[in-house]
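Only the coordinates and a few stated rules stand behind these numbers; no lab work does. All figures in this text were calculated on a predicted structure; none of them were measured in a lab. Virtual Cβ from ideal backbone geometry, glycine too; neighbours counted across all protein chains shown.
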Amino acid sequence: MSTFALAFRNVRKSYRDYAVYFLTILIGVAMFYVFNSLGSSAAMLKLSKNEEAMLMGVNEIMSYLSVFISMILAFLILYANAFLIRRRKKELGIYMLLGMKKQEISCILVCETAIVGVISLVVGLALGILLSQELALLTAKLFKVSIAGFSLVFSTPAMWKSIMYFGITFVLVMLFNASNLGRQSLVDMIYADKKSSTFHTPCVGISALLFIVSIILIGSGYAVIIKNGIIDSNRPLLIAIVLGTIGTFLFFYSFSGLFLKLVRNMQNIYFKGLNIFTLGQLNNQINTEHISMSFVCLMMFLAISAISTGSAVSKSISHNYANESGTIAGVTYVSLYIGIVFILTSASVLAISQLSRSSDNRYRYALLSKLGADYNMLSGSLLKQISFYFALPLVLSIIHSIVAIIVVSKIVYMIGDVNILASCLVTVVIIAVIYGGYFLMTYLSAKRVLMQK
């Protein structure tokens, strides 16, 4: 069997394992194309020369922003790829036992990356082209112009830019895989699924103290920003950001040790069903991954704040400054672009982390099954873990965002009277679709991994 044929068979056989990876790239490519195709939408809109110049200006802003976004998406793809390689180490080790050289295995991985990359690029660009039609309609609404005649909007520059940026990312993935494979010994690869992460749980006293400190820091940050606002208050704003960030990291670091101790005291809950196992797993997850959960919380905070306040500011400007179409479009698109990509990144990081842990925990669930735990108990335990893991950073990010929205609403009301709560509904819908979709896919994929014989 040729290298390409074997790689194609592996991708086809493991399509469920590639689901999160593929979906992440697909959405990333689609969003990247959509927000870089703004300039092409001018062809189907009845724009004046001044309005067309403003649209080109917005398109240029999105082009610069895309450099930053591409770095985030590149990190995300590399992070997702690392999960896949970690899960497949035993399989790759078996290839070596059968006589394959590392160079041959590297070629297989390169072919697999190319196959997934090409498919996701093609499907992502197709989805992006469809969504760009909706963006053209939104642009017409923001500029308050009619459509000259509907025609399929296709942006050649956006397509080539997407291919170039994501092509570079896939080359980095190939180099990472080859480097990672070269450092692994056969023993490490064969027994990769037997290794477990080491962790240190802080004592309850220290956890309680740090938790109280985190609440004080976060609360102080809220007080500073609410009192001083964000206009002409660079120093207070910086202080609030520092206090909130440090407080968030301390919150997740201290939460695991305190959480388990508190639940242990609730014996009617702790000893019910598989809760001892479930809570122990949750405690370990939060303790070993508190840094990534903190970053997810902060990214979700930025995403929620950006979409909610950006939409409100755009509506306020629209109601009071009719000739500021370019500003309205710029604020709307930047907030949506950043918000959607940050939600995508946050959900993907949590999903990949959970799937990686599920792969490592298969033997634990198998043991529980042998001890008498039925399917419903095992799947219920898994659902509780994933639900809590996704909900905790989201809840704290929403609390952060409420404070941010309160502060920004004062500025919005200075521009014009706009109901900012209505703007928050857009954020709720986006979170429900992306974050909720990743949660559901994570649960179903993890359940399949854990329950398979």
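Summing Lys, Arg as +1 and Asp, Glu as -1, what charge do residues with Cβ under 13 Å from the Cβ of Tyr79 carry, Tyr79 excluded? Residues close to Tyr79 contribute a combined charge of 0. Placing R0 at 51 angstrom, the Cβ-Cβ distance between Asn376 and Val67 gives a FRET efficiency of 0.55 after rounding to 0.05.
How large is the charge dipole for the range 202-453, taken about the Cα centre, if only the Cβ atoms of Lys, Arg (+1) and Asp, Glu (-1) carry charge, to the nearest 20 debye? That gives a dipole near 900 debye.
Evaluated on the range 1-195, the Kirkwood hydrodynamic radius is 18.6 Å, with distances taken between all distinct Cα atoms. In this structure, Glu52 and Phe4 have a Cβ-Cβ separation that, at R0 = 41 Å, corresponds to a calculated FRET efficiency of about 0.30. Multiplying the residue separation of Lys13 and Ile276 by 0.36 nm and removing their Cα-Cα distance gives an extension gain of 91.1 nm.
Projected label points at His319 and Ile212, each 7 Å from Cα along the beta carbon direction, are separated by 4.5 nanometres. Maximal additional length on extending the Ala82-Tyr363 stretch stands at 99.0 nm, based on 0.36 nm per residue less the C-alpha distance. Each 20 Å bin from 0 upward holds the following percent of the Cα-Cα pairs of the chain: 22, 50, 26, 2.
Need the C-alpha centroid separation for the range 232-277 versus the range 324-400, integer Å. Comparing the Cα centres of the range 232-277 and the range 324-400, I get a distance of 17 Å.
Here is how the number arises for the chain: DSSP H runs of 4 or more residues each give -39500 (n - 2.57), the sum is divided by the residue count, and the result at 222 nm is -29000 deg cm²/dmol.
In this model, which of Lys49/Lys144; Lys102/Lys161; Lys261/Lys370; Lys272/Lys384 are farther than 23 Å apart at the alpha-carbon? In this structure, Lys102/Lys161; Lys261/Lys370 exceed 23 Å between Cα atoms. Inter-label distance, Val171 to Ile411: 3.9 nm, where each label sits 7 Å from its Cα along the C-beta direction.
In this rough spin-label picture, where each label sits 7 Å from Cα along the Cβ direction, the Asn265-Val429 distance is 4.5 nm. Among the helices of the chain, those built from whole DSSP H runs whose Cα atoms reach 24 Å or more along their own axis and whose mean Kyte-Doolittle hydropathy is at least -1.0 are 19-36, 49-87, 102-143, 156-183, 204-228, 234-264, 290-320, 325-360, 375-415, 420-451. Along the axis of the charge dipole computed for the chain (Cβ charges of +1 for Lys and Arg, -1 for Asp and Glu, origin at the Cα centre), the listed residues Val58, Ile386, Met266 are led at the positive end by Met266.
Its Cα centre serving as origin, the chain has a Cβ charge dipole (Lys and Arg +1, Asp and Glu -1) of approximately 1500 debye.
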